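**Student:** Supplied in structure tokens, the structure appears directly below.
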Amino acid sequence: MSYKKQSILCAVISCFILAAMLFACSYCILRGVARQDTPFELSPNFVVLEVAESGRVKTDQVLDADKDQDIIVLSEYTGQNYMAIYDPVYYFYNEKTIDFLGTTRYFSGKDYREKTSTGIYVSSEENPIDAFSEMEKEGTELVHELLFSINPMSKLYKENTECIVNQMSLDELGDRVYIDSRDTGARDRIKEALLKEGYSITDSGYTGVRNAFMDGLKKGGLYTKIVLLPAVSLYIIFLFTCIMYFFNNKEILDLHKLHGGKRSKMFLLFSKHFLLVNAIGSLLVIFFYAFLVRGEISLQIKLWEYGVIWLFHVGITDLGYYLGFFIHYRRGREWNAVK
């Protein structure tokens, strides 16, 4: 294989190293996100807003049961023993932690559209049958049909809450509103509507890839290190590859030196194909990675951050390539001096 093809092969190896690093870092980021505590075990996309002095907003002003199909909304009402839920994506569908109580069904699209007075009984007792039966028999002002019952084992459980009602059956959203969605556009539309009505953001789940990456390093455990450390060590292997590349082509280097070739020109001769393929190939790897993770909010990296990643990788690999050249060039010069 000619030295030109070998230099291109070094660039291809560099691109594979970048891909390995990106996916190793992605694993670390996702581990960091998974370790974050979120209310009601919502996704990292959640946002919490609280009402201002202007008062609560009307439910119909913000939510449309026919259009808002990819959003989760939870409302808490200050001083009340109930909270409300709007969950057309069925995120909490399997939260029935007590069997055989209620109709054992979940809120349906029909419930939201028709604003039915349906709800979930929340129990802090180990045996809530008597209390549930009493509530089901008498009903409440807000709930006419109890769907099922939950206990502290459920993600929806919250102290001092006795029932969770259909949000669309209430005139107003709560004093504290939790919004979550896979579709950040849908989430942001609800968020902006509440902000315009005087609500303010008090908490949000996702704080950026850098914070998530650091959380992954600190809290990700052994698996994160097992994935990340080998990926980092690939750069050391790449340096060794470059050293071997120039060692295999030492005859060409020596020939140029014997004919008075300058170091800069010699390096350019061996590196121009590598530098070009490495720069373009690394850019293509980043584009491909960005395309693959476009739907994962936790891995959304800003354009300038991608630029920093590209510069860092290209800089490190170009430096490793130059070190491989310099090590052999210096050894050759010392050998000629001794000779």
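The values are calculated or read from the model by the stated rules, or taken from the named source; none is laboratory data. Keep in mind it's a predicted model, so treat the numbers as computed, not measured. No Cβ is skipped: glycine too gets one built from the backbone with ideal geometry, and neighbour counts run over all protein chains shown.
**Student:** If T224 meets every condition in (1) buried (at least 16 other Cβ atoms within 10 Å of the Cβ); (2) within 30 Å of I120 (Cα to Cα) apart from one, which number is that one?
**Tutor:** (2)
**Student:** Here is a check on your reading of the model: is K115 modelled with pLDDT of 90 or more and surrounded by fewer than 15 Cβ atoms within 10 Å (Cβ to Cβ)?
**Tutor:** Considered against the rule, which asks whether it is modelled with pLDDT of 90 or more and surrounded by fewer than 15 Cβ atoms within 10 Å (Cβ to Cβ), K115 comes out as no.
**Student:** Name, by its number, the condition in (1) over 30 Å from E53 (Cα atoms); (2) not in a helix (DSSP H, G or I) that does not hold for M244.
**Tutor:** It fails just one condition, (2).
**Student:** For the stretch 66-82, what are the residues that are closer than 15 Å to S169 by Cβ and in contact with a Gly (Cβ under 7 Å, 6 or more places away or on another chain)?
**Tutor:** Once the filter is applied, which keeps residues that are closer than 15 Å to S169 by Cβ and in contact with a Gly (Cβ under 7 Å, 6 or more places away or on another chain), the stretch 66-82 yields S75, Y77.
**Student:** Continuing with this model, one more query. Can you find a residue that is free of Cβ contacts under 8 Å to residues at least 12 places away in the same chain and either in a helix (DSSP H, G or I) or in contact with a helix residue (DSSP H, G or I) (Cβ under 7 Å, 6 or more places away or on another chain) (or both) anywhere in the stretch 40-52?
**Tutor:** No, that holds for no residue.
**Student:** Taking the criterion of being assigned to a helix (DSSP H, G or I), surrounded by fewer than 19 Cβ atoms within 10 Å (Cβ to Cβ) and outside the structural domain of Y289 (by the TED database), would at least one residue in the stretch 58-68 satisfy it?
**Tutor:** yes
**Student:** Do the conditions hold for L42, that is, is it touching a strand residue (DSSP E or B) at 6+ places or on another chain (Cβ under 6 Å) and either in the same structural domain as S117 (by the TED database) or of a type outside the set (F, W, Y) (or both)?
**Tutor:** Judged against the criteria, L42 is a match.
**Student:** While we're looking at this one, here's another question. Out of the stretch 69-79, which residues are β-branched (V, I, T) and in a strand (DSSP E or B)?
**Tutor:** I72, V73
**Student:** Pairs needed: first member in the stretch 142-161, more than 18 Å from Q80 (Cβ to Cβ); second member anywhere, assigned to a loop (DSSP other than H, G, I, E, B) and of a type in the set (D, E, K, R); C-beta distance under 6 Å; at least 6 residues apart or different chains.
**Tutor:** Between residues of the stretch 142-161 that are more than 18 Å from Q80 (Cβ to Cβ) and residues that are assigned to a loop (DSSP other than H, G, I, E, B) and of a type in the set (D, E, K, R), the close pairs are L147/R105; F148/K96; S154/E95; K155/E95.
**Student:** Please tell me if A19 is free of Cβ contacts under 8 Å to residues at least 60 places away in the same chain and surrounded by fewer than 19 Cβ atoms within 10 Å (Cβ to Cβ).
**Tutor:** no
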